[in-house]
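Novice: Sharing a structure, written as structure tokens. Questions coming.
The values are calculated or read from the model by the stated rules, or taken from the named source; none is laboratory data. From a predicted model like this one, the values you see are computed outputs, not experimental measurements. Virtual Cβ from ideal backbone geometry, glycine too; neighbours counted across all protein chains shown.
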Amino acid sequence: MKLDMAWFLKCIRSFIKCMFVYALAWTGSLRRAERHIRHAGGVVTLTFHRVLDDASYGATNSLPGIIIRERTFQQLVRYVVKNYEPVAFGQVSPGDPSRRLRMAFTFDDGWRDSFTTAFPIIAACKVPITLFICPGVLGKTTPFWPEQAMALLRTARPQRDKDCFSENIESLKRNSDDRERYLAELKKHTPKAATTSPVDMTLSWDEIVKMHEAGICFGSHTDTHQILTSIPTSVARTEMSHSKAILEQVLGTSCVTFAYPNGNSSPFSLRTAKELGFTRAVTTERGIWTSSCDPLTIPRMNVCESGVVGVTGRFWPPMFKYTVLWKAWRAYRTTTLNRRSKTIAHIKGPSSDHMSPVDTRDSLSN
Ligand SMILES: [Zn+2]
């Protein structure tokens, strides 16, 4: 009964969201957002993590926010190819207004399904993509703690829907001490729980080399996916430099793109990225990549199943536009307004002394 009520509320929320998106489409708001982005010379950078077939979709312990179904992804890629201009993240530069909206595809973490499921679709449609991978956790089953936590929670409370646990896991991302305690407690209560799933595997070097030979680009996502803002700076530097060195050694090309794990960056990690020779780095902040962005904090738009399907559960273009264009445009406007306020404060008074070197540079670049 509890599950039925949760399912019912989920359906109601989904229906209201679809009505809102329908209203945005009907009033031309989605079309206007697209036009504004093109006129600003912006690039919309998409973040994907996992593309799963139906069997894997049910078996995975990954959070719903990082998954898109294979059939949805296929429709999405075809839609982008038909209506926009897919661009290579490492080669495109924002700036001049474009006739067709430019979109860059990026994948984080280096999951095996990037090769088995996403790659054939990408290759068939000739869409350039960049994968950000962690050399230290390649070829492993369930290498990241959120999947392990999800496996434990599903064993401890089998009657509850997987979506219910997303909030628990999101809150654990903020504090590593709490996380260790919570996971240890869960393991004590569910000692027989399987904390690995063959579905949740990372890429092997063989698969990476095959994709690289087919023209796929690779960037660093640190060595073992450490959150750079919650570890000592010496360790953070090693995480960044080691992953870059290994990638360059195996692939024989320079690695100049970087993705901050969980999107968390700091003035130190920005400075280190620059010193190590990374020329472009991405966060998980929403927004549009324009010529006024710091190239080491490029915003991206996360794409998952619930962000691109309609009430029927199939790919719905207005929902896709709402998730990646409308939200990106709104975030861009908010950031631009904040920068203007900071610039005014900087000119007006001493409160600007509190700004970090990064903030100052951003303000002055406008
Ligand atoms: Zn990641």
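Novice: Go through the residues of region 25-45 one by one and say whether even a single one is surrounded by fewer than 20 Cβ atoms within 10 Å (Cβ to Cβ), hydroxyl-bearing (Ser, Thr, Tyr) and farther than 12 Å from Glu305 by Cβ.
Specialist: For region 25-45, residues surrounded by fewer than 20 Cβ atoms within 10 Å (Cβ to Cβ), hydroxyl-bearing (Ser, Thr, Tyr) and farther than 12 Å from Glu305 by Cβ: present.
Novice: Looking only at region 107-120, which residues are crowded, with 17+ Cβ neighbours inside 10 Å and more than 11 Å from the ligand (Cβ to nearest atom)? Write out each step before concluding.
Specialist: Restricting attention to region 107-120, the residues satisfying the condition of being crowded, with 17+ Cβ neighbours inside 10 Å are 107-119.
Listed by number, the residues that qualify are Arg112, Asp113, Ser114, Phe115, Thr116, Thr117, Ala118, Phe119.
Novice: Does Thr202 satisfy the condition of being closer than 25 Å to Thr117 by Cβ, touching a His at 6+ places or on another chain (Cβ under 9 Å) and not acidic (Asp, Glu)?
Specialist: no
Novice: Something else now. Name the single residue, out of those in region 122-139 being assigned to a loop (DSSP other than H, G, I, E, B) and under 16 Å from Lys210 (Cα atoms), that is farthest from the ligand (Cβ to nearest atom).
Specialist: Looking at residues that are assigned to a loop (DSSP other than H, G, I, E, B) and under 16 Å from Lys210 (Cα atoms), I get Lys126.
Novice: Then there is this: Checking the conditions here, which among Val44, Val77, Val21 is in contact with a helix residue (DSSP H, G or I) (Cβ under 8 Å, 6 or more places away or on another chain), part of a strand (DSSP E or B), β-branched (Val, Ile, Thr) and in contact (Cβ under 8 Å) with a residue 40 or more places away in the chain?
Specialist: Result of the check over Val44, Val77, Val21: Val44.
Novice: Just checking, which of Pro158, Pro86, Pro97 is in contact with a Pro (Cβ under 7 Å, 6 or more places away or on another chain), away from the ligand (no atom under 16 Å from the Cβ) and not in a helix (DSSP H, G or I)?
Specialist: Checking each option against the conditions leaves just Pro86.
Novice: Is region 233-247 home to any residue that is within 16 Å of the ligand (Cβ to nearest atom), in a loop (DSSP other than H, G, I, E, B) and hydrophobic (A, V, I, L, M, F, W, C)?
Specialist: no
Novice: Taking Thr72 as the residue in question, decide whether it is at pLDDT 95 or above, more than 16 Å from the ligand (Cβ to nearest atom), buried (at least 21 other Cβ atoms within 10 Å of the Cβ) and on the phi < 0 side of the Ramachandran plot.
Specialist: Answer is yes for this residue.
Novice: A follow-up question, please. Is it the case that some residue within region 202-223 is at negative phi and at pLDDT below 80?
Specialist: Checked against the condition, which is being at negative phi and at pLDDT below 80, region 202-223 yields no hits at all.
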